[in-house]
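The values are calculated or read from the model by the stated rules, or taken from the named source; none is laboratory data. Small disclaimer: the values here were computed from a predicted structure and weren't measured. Cβ atoms come from the backbone with ideal geometry, glycine included; neighbour counts cover every protein chain shown.
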Amino acid sequence: MKKLLLATLLTIVSVGLFAQGAGKMKFKEDSHNFETIKEEAGSVSYKFVFKNTGEAPIVISDVKTSCGCTTPNWSKAPVLPGKEGFIEATYNPAHRPGPFNKTITVTSNAKDSRVVLHIMGEVAAKPRTIEDDYPRVMGNIRIKTNYISFYSITNNDVKIDTIPYINISDSDIELQFRNIPSHIKMELIPNVIKPKQKGNIVLTYDANLKGDWGSVRDNLIFNFKNDKSGANQMLIVMANIKEDFSKLSDKEIEKAPIAEFSDLTFDFGNIKQGDKIEHTFSFKNTGKSNLLIRKIHASCGCTTVNPKSEIIKPGETSELKAIFNSAGKTGPQSKSISVTTNSPTNPVITLRLKGTVNIQ
């Protein structure tokens with residue numbers, strides 16, 4: 001008991017002596033307002049200066065900011081009693097128009113071990129340029145994007161999208177597209193663009209004429225009629241085509257097919273690089289009408305063997321085989337197989353093969 005009391009007393013005395021001998025940060029100010037800064041002017045910095053008014057050197061162990069847009073710098077050497085140190089914060093306004101208010105948390109061995117500083121202000125957005133509005137260069141034009149996505153489109157839909165562009169050359173230009181598929185129509189407004197003139201590529205997508213399901217892609221090739229180099233440019237058109245069940249009645253939905261798989265995921269564990277894994281996914285049509293397998297699509301590195309029949313009658317069972325080739329693969333793997341059917345309750349079913357490929 002005496003030893004415990006003595007240890008407790010020594011601890012209290014030690015803490016008291018440490019507190020009396022600690023350094024103390026006294027900042028001239030703990031916040032700074034940059035007011036309005038221009039986005040195009042680049043980074044701004046401010047140095048928070050403090051004085052050690054305590055009795056021991058101050059060592060700053062860490063400085064953290066509220067987000068990655070403030071970059072701190074600080075006194076790395078111990079700040080002796082009576083001397084000054086600093087914390088410098090830098091704010092980069094690029095792509096950050098509008099007001100900002102950021103914190104800098106300083107951790108040290110001072111009496112107040114954590115101090116929070118603030119920087120604030122407002123970023124005036126830089127004037128937009130042609131490069132901002134038309135970021136992609138394609139030959140003699142600048143274009144807003146070379147990618148169009150019809151993220152969710154039913155098999156009966158016809159959708160329209162527009163891509164703005166501008167002629168950056170010193171002469172009239174005319175775009176000409178090659179081998180446009182029948183489900184896509186292109187209209188150029190205007191057909192011939194004068195120097196510095198703006199125009200639009202209007203694309204009409206007919207999912208019914210596409211005659212496909214799930215994620216599909218078309219590459220549209222074009223060039224400039226007066227371009228002697230003959231260089232080709234490309235627009236990418238993506239679509240995710242789903243069957244339209246919106247007009248089905250409650251009775252039709254009740255009589256619809258249902259694809260019920262015995263398992264959705266197969267874990268093949270640990271295998272050696274180069275091994276092939278095969279797994280058979282079994283399923284049954286538990287609905288009341290024919291189940292139609294619209295499409296089976298496997299991710300990279302995985303292939304499938306389609307069912308013997310793409311029409312599965314009510315109560316019938318079937319199966320599809322998935323094959324994963326681990327050649328050239330290493331580490332954790334997760335491969336997916338999308339099965340698109342005419343089941344309104346679950347038209348797209350995702351099957352997975354997963355595991356780890358080890359190098360021999």
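Quick look at the numbers
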quantity: Qualifying residue in the range 207-217 (condition: out of contact with any Leu (no Cβ under 9 Å at 6 or more places or on another chain), part of a strand (DSSP E or B), without any contact (Cβ under 8 Å) to a residue 24 or more places away in the chain and not assigned by TED's automatic domain parsing to the domain that holds LEU291); calculated: yes
quantity: Test: ILE184 is surrounded by 14 or more Cβ atoms within 10 Å (Cβ to Cβ) and within 30 Å of GLU243 (Cα to Cα); calculated: yes
quantity: Subset of the range 194-219 that is in contact with a Lys or Arg (Cβ under 7 Å, 6 or more places away or on another chain) and within 27 Å of TYR134 (Cα to Cα) - its residue that is surrounded by the most Cβ atoms within 10 Å (Cβ to Cβ); calculated: TYR205
quantity: Single residue of the range 158-184 satisfying the filter (at pLDDT below 95 and of a type in the set (D, E, K, R)) that is farthest from ASN219 (Cα to Cα); calculated: ASP170
quantity: Neighbours by Cβ (under 7 Å, 6+ apart or cross-chain): first from the range 292-314, in contact (Cβ under 8 Å) with a residue 60 or more places away in the chain and on the phi < 0 side of the Ramachandran plot; second assigned to a loop (DSSP other than H, G, I, E, B) and among the polar types (S, T, N, Q); calculated: ARG294/ASN342
quantity: Filter result for the condition that a residue is exposed (fewer than 14 other Cβ atoms within 10 Å of the Cβ), in the same structural domain as LYS51 (by TED's automatic domain parsing) and under 30 Å from THR36 (Cβ atoms), over PRO135, PRO99; calculated: PRO99
quantity: Residues of the range 264-285 satisfying the condition of being loosely packed, with under 15 Cβ neighbours inside 10 Å and within 20 Å of ILE349 (Cα to Cα); calculated: LEU264, THR265, ASP267, GLU278, THR280, SER282
